[in-house]
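The values are calculated or read from the model by the stated rules, or taken from the named source; none is laboratory data. None of the values given here were measured: they were computed from a predicted structure. Reconstructed Cβ throughout: ideal geometry from the backbone, glycine too, with neighbour counts over all protein chains shown. All accessible areas refer to the heavy atoms of the entire protein, side chains included, with ligands and DNA or RNA removed. Shrake-Rupley method; radii C 1.70, N 1.55, O 1.52, S 1.80 Å.
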Amino acid sequence: SAKRLLKQRHRREQRHATHQNHIISTTIVTEAERTGRGLSLEKLTGIRERGRRATRSRTQQVSICERKMMLRASVQARPHTHMRHW
């Protein structure tokens with residue numbers, strides 16, 4: 001029954017999103033007609049495939065040794081200040 005409920009919820013959310021998009025687009029078109037302005041549309045099909053993504057290894061994976069080295073370098077670069085312990 002969990003799959004059936006998920007399918008029902010998906011349909012309900014899909015109908016809601018479609019309705020909201022219709023309301024927004026209708027508002028934009030009526031405002032453009034009222035003010036006499038034009039609308040431009042852009043074809044967005046395949047936009048996910050067109051954009052280049054950085055690989056995970058370059059953006060997220062940093063080894064523990066590299067993190068330790070970066071931490072040591074940042075600590076050594078800072079001037080030492082004495083702080084009072086309250």
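Scoring residue 31 on the criteria (1) in a helix (DSSP H, G or I); (2) at pLDDT below 75 leaves a single failure, condition (2). Taking residues in the range 22-51 that are of a type outside the set (A, V, I, L, M, F, W, C), and partners anywhere that are open to solvent by 80 Å² or more (accessible area, probe 1.4 Å) and part of a loop (DSSP other than H, G, I, E, B), the pairs with Cβ atoms closer than 9 Å and at least 6 places apart or on different chains are 31/37.
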